[in-house]
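Below: one structure, written as structure tokens.
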Amino acid sequence: MNAPRRLPLARTLRAVAWSFFGVRRGAAHEEDLRHLNPALVIAVGIAAAVALVAALLLLATWVVDSGVAA
């Protein structure tokens, strides 16, 4: 029996990005799930969440500093 093939980082990023939107792709999604590395998915998910929060903070700071929100 062959060891399961691991997805490269780009496909893991894509799977995490789609999960942020709550989109599932049916049979292709199930195939991806069988080969995802859970540790890599967790690390990418945490990094994506931190990046999202940082982007929102930067956007809020920019809006407040520009005077549009006043």
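The values are calculated or read from the model by the stated rules, or taken from the named source; none is laboratory data. The structure displayed is predicted, hence computed values, not measured ones. Cβ sites come from the backbone with ideal geometry, for glycine too, and all protein chains shown count toward neighbours.
Here region 1-16 is the region considered, the condition is being exposed (fewer than 13 other Cβ atoms within 10 Å of the Cβ) and not basic (Lys, Arg), and the residue that is modelled with the lowest pLDDT is MET1. Quick one: would you say LEU36 is hydrophobic (A, V, I, L, M, F, W, C), surrounded by 11 or more Cβ atoms within 10 Å (Cβ to Cβ), in contact with a helix residue (DSSP H, G or I) (Cβ under 9 Å, 6 or more places away or on another chain) and modelled with pLDDT under 85? Judged against the criteria, LEU36 is a match. Residues in region 39-55 that are within 9 Å of the chain's Cα centre (by Cα) and surrounded by 13 or more Cβ atoms within 10 Å (Cβ to Cβ): VAL41, VAL44, GLY45, ALA48.
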